[in-house]
Structure formats: C-alpha cells, structure tokens
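Visitor: My questions will all concern the structure given below.
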Amino acid sequence: MLRILTSCFFALLLFIPCSIGQADSLYPETLGNGNYVLVSAHQGVASYADRNSAIIKESQPPAYMIAINVVYVTFSEAYWQKYGTYNGGPYTVGDTSTHYYLYNYENKKMASYDDSNGNWYLWDINRDHSYADGDPFIPHTAEVAFVSACKMRFYNDTLGYSPMLQQYYRVIDEDFYRRLNI
C-alpha cells in the first residue's frame, strides 16, 4: 500500500510542472510576425504588448518613462473546445490601450501609471502579486516596453522575493526574453 501511495505521489509531482508549463503554451507567445508579445492571458482573452509602439517619453538616465500600446485579443472558444489550445486557432484583435512605465535602471525600480486615478504605483518585486494586482501583465508589459525602446533588458536576472513561497525567483524568466529575441 505504501509503495502504491509513493508511486502516486511521485507521478503527481511529475504532472504538476507539466501542467504549469502547459498553461503558457495554450496561447501563441507572439502574433503579428513577433511584434505582439503575450504578456497575460485568461479565459480565452490575451493581452499582447505591441513592440512597434514603444516610445521613450522621457530619458534622463538612469530614469526613463516609456509608453507602449497593448492589444486585447479574443480567441475562438470553439477551437479551444475541439483542440484544448488557442495556438493555431482563429482570433479577433480588439481594443488597444496605452500604458506608461517609469524606470530607474540603477536600482531596478519600476512604476506603472493608473490612468483611472492618475497615480503611479511602484511594482514591488518582493511581494506576491495576484492576477488582479497586475501579475504577470505589469512586469511583462514593462519589460517589453523597455527592451523595445532601449534595446536592452531592464530586469535581466534581477531576483525578487516571494514571502508566500519564502524563496527568491527571477522577476522575468529567460524564456520570456527569448520571445523578445534579446
């Protein structure tokens, strides 16, 4: 009996990373010849940062303000039902919105602008953020903007700390930089 439970436990441990890795692959990593980069996705709707739209609004190194457009894409639910993925399926490009980010390159601090109330919010890499808080949308969109406008990585291999997991993690995975070809 113990051997069966142990086997089931190890099988479950093998399944968890596979299912987590699979979640990202449900959506195309890029669209539009790589100009649109996936920054967030949930329930058939994905947000893509438009690399061609990134512009530096202010540059006083090490401080930068960069704007970037994000397009919202809705994928076919029928395609999902049939194939269990949105990759390769039809989609509709919807609304576009502009997002603004402030960066301090020396201390790796970044803030995002909330146009609903006119305030800037510091993105704390040493806090656990929820999807509603803007994770992964804010750090990924900010990184696409910085890489596209400045031709270099902002966070690169910077580590943040997760109080919930009690461990350090890369703020931006190397796999994400692969999407950006940098």
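Visitor: Just for the range 156-182: of the residues that are closer than 23 Å to Val71 by Cα and of a type in the set (Phe, Trp, Tyr), which one is farthest from the chain's Cα centre (by Cα)?
Guide: Looking at residues that are closer than 23 Å to Val71 by Cα and of a type in the set (Phe, Trp, Tyr), I get Tyr177.
Visitor: Please determine whether any residue of the range 27-43 is part of a strand (DSSP E or B), exposed (fewer than 15 other Cβ atoms within 10 Å of the Cβ) and at pLDDT below 95.
Guide: Going residue by residue through the range 27-43, those that are part of a strand (DSSP E or B) are 30-31, 36-42.
With the extra rule that they be exposed (fewer than 15 other Cβ atoms within 10 Å of the Cβ), the set shrinks to 42.
Narrowing the set further to residues that are at pLDDT below 95 leaves 42.
Checked the range 27-43: at least one residue is part of a strand (DSSP E or B), exposed (fewer than 15 other Cβ atoms within 10 Å of the Cβ) and at pLDDT below 95.
Visitor: Also, quick follow-up: Would you tally the residues in the range 80-96 being in contact (Cβ under 8 Å) with a residue 60 or more places away in the chain and either open to solvent by less than 40 Å² (accessible area, probe 1.4 Å) or more than 21 Å from Leu31 (Cβ to Cβ) (or both)?
Guide: 2
Visitor: Shifting gears a bit: Please work out which residue is surrounded by the fewest Cβ atoms within 10 Å (Cβ to Cβ), limiting yourself to the range 148-182 and to residues that are in a strand (DSSP E or B) and small (Gly, Ala, Ser). Reasoning before the result, please.
Guide: Of the range 148-182, the ones in a strand (DSSP E or B) are 159-162, 167-170.
Okay, now just the ones that are also small (Gly, Ala, Ser), so 160, 162.
Numbers: Gly160: 19, Ser162: 14.
Applying the filter and picking the extreme gives Ser162.
Visitor: Would you tally the residues in the range 62-112 being over 19 Å from the mean Cα position of the chain (by Cα) and of a type in the set (Asp, Glu)?
Guide: Matching residues across the range 62-112 total 2.
Visitor: I want to confirm something. Restricting to the range 45-59 and keeping residues that are surrounded by 17 or more Cβ atoms within 10 Å (Cβ to Cβ) and of a type in the set (S, T, N, Q), which single residue is nearest to Thr141 (Cα to Cα)?
Guide: Ser47
Visitor: Could you tell me which of the residues His99, His129 is open to solvent by less than 80 Å² (accessible area, probe 1.4 Å), over 30 Å from Tyr79 (Cα atoms), in contact with an Asp or Glu (Cβ under 9 Å, 6 or more places away or on another chain) and not in a strand (DSSP E or B)? Explain how you work it out, then say what you get.
Guide: Numbers: His99 fails: not in a strand (DSSP E or B).
Answer to the selection: His129.
Visitor: Every residue in the range 60-79 that is among the small types (Gly, Ala, Ser), open to solvent by less than 40 Å² (accessible area, probe 1.4 Å) and either in contact with a Pro (Cβ under 8 Å, 6 or more places away or on another chain) or in a helix (DSSP H, G or I) (or both), please. Full working, then the answer.
Guide: Narrowing the range 60-79 to residues among the small types (Gly, Ala, Ser): 63, 67, 76, 78.
Cutting the leftovers down to open to solvent by less than 40 Å² (accessible area, probe 1.4 Å) gives us 67, 76.
Within the range 60-79, Ser76 is the sole residue that qualifies.
Visitor: Another question, then. Surrounded by 15 or more Cβ atoms within 10 Å (Cβ to Cβ) and either modelled with pLDDT under 95 or touching a Leu at 6+ places or on another chain (Cβ under 6 Å) (or both): is that true of Ala145 in this structure?
Guide: Numbers: surrounded by 15 or more Cβ atoms within 10 Å (Cβ to Cβ): yes; either modelled with pLDDT under 95 or touching a Leu at 6+ places or on another chain (Cβ under 6 Å) (or both): no.
It is false that Ala145 is surrounded by 15 or more Cβ atoms within 10 Å (Cβ to Cβ) and either modelled with pLDDT under 95 or touching a Leu at 6+ places or on another chain (Cβ under 6 Å) (or both).
Visitor: Report, ordered by the first and then the second residue, all pairs with beta carbons closer than 9 Å, sequence separation of six or more or different chains, a first member in the range 57-74 that is under 28 Å from Val45 (Cβ atoms), and a second member that is surrounded by 12 or more Cβ atoms within 10 Å (Cβ to Cβ) and at pLDDT below 95.
Guide: Correct list of pairs: Val71/Gly32.
The values are calculated or read from the model by the stated rules, or taken from the named source; none is laboratory data. Since this is a predicted model, take the numbers as computed values, not measurements. Positions of Cβ are generated from backbone atoms using ideal geometry, with glycine treated the same way; all protein chains shown enter the neighbour counts. We work out accessible area using only protein heavy atoms, side chains counted, and drop any ligands, DNA or RNA first. Shrake-Rupley method; radii C 1.70, N 1.55, O 1.52, S 1.80 Å.
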